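Just below is one structure, and these are the notes that go with it.
The values are calculated or read from the model by the stated rules, or taken from the named source; none is laboratory data. Just so it is clear, the model here is predicted, and its values are computed rather than measured. For neighbour counting, all protein chains shown are included, and Cβ atoms are generated from backbone atoms with ideal geometry for every residue, glycine included. For the accessible areas, the whole protein counts, side chains as well, though only heavy atoms, and no ligand, DNA or RNA atoms are used. Shrake-Rupley method; radii C 1.70, N 1.55, O 1.52, S 1.80 Å.
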Amino acid sequence: MKILFFSPHSDIWVHAFPEALVAESLQKAGHDIYYVTCDRILDEYCVSMSAAGLTQEASQVAKGKVCNSCVTKAGIINRHFSFNRLSLKEYCKDNLDYAAKTASGLTRENCFEFDIDQIPLGRIAAYEFLLQYKKSDLHFSDDEWSHYLIAFRNSVLTYKGLDKIFLEIRPDRLLLYNALYSVNNTAACLAKKHGASVYSLHAGGNLEKRVQTMILVKDHNFNFFGQLLHHWSVYKSIPASPHVLAQVTGHFIGLLHGNHFLVYSKSRAKAFDIRRFFQIRSDQKILVATMSSYDEKFAAESILAKSSNEPQTLFSSQIEWIKTLLNLMTKRSDLFLIVRVHPREFPNQRDSIHSEHAKHLKEAFSRLPANVAINWPTDGISLYNLAEETNVFLNAWSSAGAEMSMLGIPVVSYSKDFLTFPHDLTYVGITEHKYQAAIDQALSDGWSSERIRMAYRWYALLFSHSTIDLSDGFRRNPELKKIFIERAWRKIARTMSPDFELEWDCRSRPPYISGQKRINDVIELNKDTVLDLPGTVDSETMEHETRALKMELQRLLKVMYVKKPFCKKKSLYFYLTRFANSIN
């Protein structure tokens, strides 16, 4: 079988090297591997430059340094892995004038209508650009328009170059890292045009092992969550093993520390009094509404990766949802509502942009009932500090819903279809009456250790059962904090050889990684994910799972509460310690 890897972003080593391990596994299984690199043709701006912290306005010197680094890393991979390497530049350099002329003919009004062979390049090109500016509409400023045209040029050049490669190689499969990136999406659409199956690779969701696990899914990334939800009906009944539960805990310890670039919430403060900060009476129960950002959803819908046909839902927008909650609070003095605005809407550790939706939020929250407060990102409060005395979390589609379920706190949602985790981890109300009844039911039921069990099983499916472990091939984890001695000797080694760590990664990999068979079976058998492969899942009895869960909660407690706090009855600390230390 001929397998084409489209790999134009080699400078992002934590993506490129695991991808190369997957390619080598398929090569050792007998397949012909063709490895396409950029070779500087996308030099105006690309994903690698964005990852390096550059914007489109960066100097050509700065962009050139990223290109140099990218070419060097692609060369290291080629030297150690010996793939059939192809240069995208060589196949599309004759189309530079065509790309420029085509871009000059676009307008802001017609750009999304542009296609080649029914492939909507005008839409596809917008993905990273829409995320960069946190757009929730398609009105472009002059600067935004000039930046969109760079992405459009890249997509056109990718189409022209890869079309020639597909005609020459005629691959059976195309693999790439994240099929949503504009040039990658272009490649994916081309593959389907030529009759090749497409597989998207992506690092796993576990922060502790993110780059040492790999998601392998047919088509694009959004298909992965659909596959997980499809298999949940089976996995929710399987007690998880201690090893898998420990991996889930490791992820949440990373969330609690709040220092990973993918974590938006602040780290948990050692001492925080939610009632004093928001002036909440002792007799009021606390609701926290966790809002979500619109830009990622809007970007996916704009490039047609996700349907924009909204399912039947109670609220037309999150603002309408919050307005309904504000109206409810005027009638419920026994409750206090905290509305937590998603940190992505405002400048954060990943970017410095305000979303357009953030402006509308400030207008909507100008007048509030006395028993409502807004938790803005500038407050610097961790979600896990809010969790300490919150009775119920109200959720749109934020992953915070699953996180709070894992702590045993009840969560209420207003739609089953928006969630990226199983709706049976939450209470759901699809009419206003049923929604309010769901809130009251959640308040009545309260904290539950069984909710923790089910959430742990969900994360076991997400982090372990559905991913491929590459840790024996990628033995160091660049995203984990190193001890001082290790940082020191690595720094010394880099002064002697700038590429020391990259070379070490390549030379220290084993001849065969443990996940090779699973990788080959998915690709060769044309399966959607590893979940479709036959096999058994390590599981335990309910009794052993319960014992392991208590041990994992003890680990979490040590991180969440460095200093043992005063044990306030009905607080999160009270519930967690009571369950974790119980005998039965």
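Every helix of 4 or more DSSP H residues in the chain counts as -39500 (n - 2.57), and over all residues that averages to -14000 deg cm²/dmol at 222 nm.
Label positions at Thr72 and Leu533, each projected 7 Å from the Cα along the C-beta direction, are separated by 3.6 nm.
For Lys434, the lysines whose Cα falls under 23 Å of its own Cα, not counting residues fewer than eight places away in the same chain, are Lys285, Lys323, Lys331, Lys416. Rounded to the nearest 20 debye, the dipole magnitude of the chain is 1980 debye, with +1 charges on Lys and Arg beta carbons, -1 on Asp and Glu beta carbons, and the Cα centre as origin.
Counted residue by residue at 0.36 nm each, then reduced by the alpha carbon distance between them, the extension gain from Arg367 to Gln279 reaches 30.0 nm. As a rough guide to protection, the peptides 119-127, 135-143 ranked by mean Cβ packing within 10 Å, highest first, stand as 119-127, 135-143. Calculated from the alpha-carbon coordinates, region 541-584 shows an Rg and a Dmax of 11.1, 35 Å respectively. Computed over protein heavy atoms with a 1.4 angstrom probe, the accessible surface ordering of Val198, Val71, largest first, is Val71, Val198. Each of Ile165, Phe393, Gly446 was scored by the projection of its Cα onto the charge dipole of the chain, and the greatest displacement toward the positive side belongs to Gly446; charges sit on the C-beta of Lys, Arg, Asp and Glu.
Rolling a 1.4 Å probe over the protein heavy atoms leaves Glu296 with an accessible area of roughly 90 Å².
Can you work out the FRET efficiency for the pair Lys517 and Lys65, with r the C-beta to C-beta distance and R0 = 30 Å, to the nearest 0.05? Once rounded, the FRET efficiency stands at 0.15.
Rolled with a 1.4 Å probe across the full set of protein chains, the surface gives Val61 an accessible area near 100 Å².
In the assembled protein chains, Arg475 presents an accessible area of approximately 130 Å² (probe radius 1.4 Å).
Cross-link partners for Lys164 among the lysines, with Cα-Cα distance under 19 Å and sequence neighbours closer than 8 places in the same chain left out: Lys2, Lys89, Lys93, Lys192, Lys193.
Taking amide H as placed 1.01 Å from N in the peptide plane, the amide H of Val428 sits under 5 Å from that of Ser413, each at least 5 places away or on another chain. As a length-normalised measure over Cα pairs under 8 Å and 6 or more apart, the relative contact order of the chain settles at 16 percent. Each 10 Å bin from 0 upward holds the following percent of the Cα-Cα pairs of the chain: 3, 16, 26, 26, 19, 9, 2, 0. Hull volume per residue, based on the alpha-carbon atoms of region 364-440 and their convex hull, is 125 Å³.
Counting only DSSP beta bridges whose two residues both lie in region 164-247, roughly 50 percent are antiparallel. Amide H contacts under 5 Å for Ala289: Ile338, Val339, Arg340, Leu394, restricted to partners 5 or more places along the chain or on a different chain, H placed in the peptide plane at 1.01 Å from N. Largest first, the residues Asp283, Asp32, Asp97 sort by 1.4 Å accessible area into Asp97, Asp283, Asp32. Pairs of Cα atoms in region 13-145 fall into 5 Å distance bins, from 0 up to the last occupied one, in shares of 2, 8, 15, 16, 19, 16, 13, 7, 3, 1, 0 percent.
Taking 11 Å as the cut-off, the amide N atoms of region 1-42 that come nearer than this to a point 7 Å along the Cα-to-beta-carbon line of Glu524 belong to 1, 26-31. In whole percents, the pair-distance distribution calculated for region 66-123 from its alpha-carbon pairs, binned every 10 Å from zero, is 17, 31, 26, 22, 4. For a modelled paramagnetic label at Glu109, 7 Å from Cα along Cα-to-Cβ, the residues of region 135-156 in reach, with backbone nitrogen under 15 Å, are 139-140.
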